[in-house]
Amino acid sequence: MTETTAKPELGTASQGYTFLVGDEIYLRTFVPGDEKNATSWRRSIFPESPELAEKWIKEDLPKEGRNNRGHLAIVRKSDDIIIGSLAFHYGTIDVTISAHVDPLYGERGQRWLAQALILAAEWQVVENHELNFMTELHTNQSIVLELLHQAGFVETARWREMLEENGQRYDRVLLSYFNADWIQRIGHPMDIEVPRSGTGAIRPIPAKVVLDGDPPANALIVGQRVYLRPEDKKDADHYIKGGRQEDEMFWHIGRPLVSQAQMEEELAEGTNEDYPGYLAWAVCIRENDEYIGTVGLNDVDYVNRTAETGPYFPYSKHRGEGYGSEAKHLLLEYAFEVLGLHMVRSLVAFPNTRSAAALCKQGYRACGRKCWEYPHEGGFGNMVTFDLLASEWRALPREDA
Ligand SMILES: CC(C)(COP(=O)(O)OP(=O)(O)OC[C@H]1O[C@@H](n2cnc3c(N)ncnc32)[C@H](O)[C@@H]1OP(=O)(O)O)[C@@H](O)C(=O)NCCC(=O)NCCS
């Protein structure tokens, strides 16, 4: 006699769960077999074979915990079909979720996505006592946004025009589901005043340089006082020395110390991919080729043409001298005119009023805050968010050549 294993009846699997079950969807971990429908739940615009998705489930997923990451499938209760996924990233004191539902489900999918986010937020914040559950969504998902607002999510930042879809641009919204016990104890982070920084007045972009002679060695773009070139292994010395001699406490969340070997490896690797997510340029003084800092683009999205900008000048003697702003405009010229980006964004810790002042004078606009990002003075610290559109940068005043 052949033994047969009875398959569970479709649409009954959620009955085996006591939590993370909503009206129309439930959340569960991924299992081999889920790869068959991976285009629905993997956030990728590129074709991915089921074999690759299977490899991710069997080999990569078990290691994700080491990177402080976790993943859950969003499953439809009525027939146990996976319609999307949630990716969790656990920070020092918060959890950030990247949420995805197959866009082919249209408005139904938005409803399911909202249910999944609300279940996950309550699980993380009410049950696991996380401080702040954050997610970023675009304004084309108006149904999700509406449902999340009704459930108590708060919009804390809005970066303009970060998504392009069907020839239209949509903003990206940062939403937080805060832990009510902590709000009661230390107050609402949206009520804290942002520290004042600088005059906020925009300064003209330094005049474009037309070279008479040869450009400095390996230069990408040359400004009045500084130029940008790719970073190399030798620049690691400055990160190390500058790090050890750091005499300012306000701009960072505690002074970091990185090893020479780690830095050399990172810098020598450079950007060896075709479409790197991180691009860094060394800032050097034209007069003597001295390395004084780095400006970079992080989280580069070549499809929607967006990125995050970030500068670092390792020695405090080179800060507050205008070099950072001059270098930033060279980076923005590269970002907007070479890479063709549409907009950039930036984040600055509240106490880093110098960096915020520099962004304002470079033409960036403050557009909200990212709350409770790191432990700070017996409570939790916040970041100011900024954005800048390519069209705004092009329209900024410029010095005469
Ligand atoms: C951020 C950084 C790249 C800015 O470059 P920079 O060359 O220092 O900037 P600039 O000199 O062009 O502009 C700084 C402005 O802030 C003002 N400023 C200086 N200290 C300030 C302070 N404590 N609060 C407010 N404004 C301050 C300066 O006066 C200047 O404005 P001004 O031109 O109107 O006088 C550089 O300071 C740096 O590397 N800091 C350490 C790393 C860092 O903070 N990285 C950014 C993380 S978000």
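Nothing in this text is a laboratory measurement; each read-out follows from the coordinates by a stated rule. Here the structure is a predicted model, which means the values were calculated and not measured. With ideal geometry, Cβ positions are generated from the backbone for all residues, glycine too; neighbour counts draw on all protein chains shown.
Values as computed for the structure displayed
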{"read-out": "Phi-based couplings in Hz for the stretch 277-293 (Karplus 6.51, -1.76, 1.60; Gly and Pro marked x)", "value": "x, 10, 10, 10, 10, 6, 9, 10, 6, 4, 4, 9, 6, 5, 6, 10, x"}
{"read-out": "Largest-first principal axis extents of the Cα set of the stretch 221-394 (Å)", "value": "43, 38, 31"}
{"read-out": "Calculated FRET efficiency for the pair Glu377/Ile285, C-beta based, R₀ 30 Å, to 0.05", "value": "0.25"}
{"read-out": "Entries in Lys233/Lys317; Lys63/Lys370; Lys36/Lys63; Lys317/Lys361; Lys58/Lys370; Lys317/Lys370 that, when Cα-Cα distance is taken, lie over 26 Å", "value": "Lys63/Lys370; Lys58/Lys370; Lys317/Lys370"}
{"read-out": "Gap separating the Cα centres of the stretch 75-102 and the stretch 290-332, nearest whole Å", "value": "33"}
{"read-out": "³J(HN,Hα), Karplus 6.51/-1.76/1.60, whole Hz, each residue of the stretch 95-112, x for Gly, Pro", "value": "10, 10, 10, 9, 10, 9, 10, 3, x, 5, 7, x, 5, 4, x, 5, 5, 5"}
{"read-out": "Built amide H within the under 5 Å cut-off of Phe313, gap 5+", "value": "Thr294"}
{"read-out": "Amide N proximity, the stretch 227-252 versus Ala261 label position 7 Å along Cα-to-Cβ, cut-off under 17 Å", "value": "236-237, 240"}
{"read-out": "Computed over the stretch 50-184, the ratio Rg/Rh where both radii use C-alpha atoms and Rh is Kirkwood", "value": "0.97"}
{"read-out": "Cβ charges +1 (Lys, Arg) and -1 (Asp, Glu), total dipole of the stretch 118-173, debye", "value": "180"}
{"read-out": "Interchain or long-range residues, amide H under 5 Å from Ile83's placed H", "value": "Ile74, Val75, Arg76"}
{"read-out": "For the chain, size of Cβ-based charge dipole, Lys and Arg +1, Asp and Glu -1, in debye", "value": "800"}
{"read-out": "Long-range amide H partners of Met343 with built H, under 5 Å", "value": "Ala307, Ala390"}
{"read-out": "Rounded FRET efficiency, nearest 0.05, which uses the C-beta distance separating Asp232 from Lys208 and R0 of 25 Å", "value": "0.45"}
{"read-out": "Theoretical ellipticity at 222 nm over the chain - DSSP helices of four or more residues, -39500 (n - 2.57) apiece, nearest 500", "value": "-6000 deg cm²/dmol"}
{"read-out": "Projected label distance in nm at Ala401 and Arg158, using a 7 Å step from Cα toward the beta-carbon", "value": "4.0"}
{"read-out": "Among Ile83, Asn67, Thr39 - extreme Cα towards positive end, dipole of the stretch 38-95, charges at beta-carbon", "value": "Asn67"}
{"read-out": "Cα-based shape type of the chain, given that a ≥ b ≥ c are square roots of the gyration tensor eigenvalues and the cut on a/c is 1.5", "value": "prolate"}
{"read-out": "Separation of alpha-carbon centers, the stretch 212-275 and the stretch 179-203, rounded to whole Å", "value": "32"}
{"read-out": "Sum of side-chain charges, Ile253 neighbourhood, beta-carbon under 14 Å (Lys, Arg +1; Asp, Glu -1)", "value": "-3"}
{"read-out": "Among beta bridges that DSSP assigns inside the chain, antiparallel share in %, nearest 5", "value": "90"}
{"read-out": "Residue-by-residue Karplus 3J(HN,Hα) for the stretch 377-391, coefficients 6.51, -1.76, 1.60, Hz, glycine and proline x", "value": "6, x, x, 9, x, 10, 10, 8, 9, 9, 9, 8, 8, 4, 4"}
{"read-out": "Cα→Cβ-extended label distance, 7 Å offset, between Leu61 and Ile93, nm", "value": "3.3"}
{"read-out": "Segment Asp247-Glu107, length gained on full extension (0.36 nm per residue, minus Cα span)", "value": "45.1 nm"}
{"read-out": "Most mobile listed residue (Ala157, Ala357, Ala217) in the chain, GNM with C-alpha springs under 10 Å", "value": "Ala217"}
{"read-out": "Pairs of alpha carbons in the stretch 39-100 whose separation is greater than 12 Å (percent)", "value": "72"}
{"read-out": "Candidates Ile285, Ile205, Ile183: whichever shows maximal mean-square fluctuation once the chain is modelled as a Gaussian network with Cα springs under 10 Å", "value": "Ile183"}
{"read-out": "Segment His188-Tyr312, length gained on full extension (0.36 nm per residue, minus Cα span)", "value": "41.6 nm"}
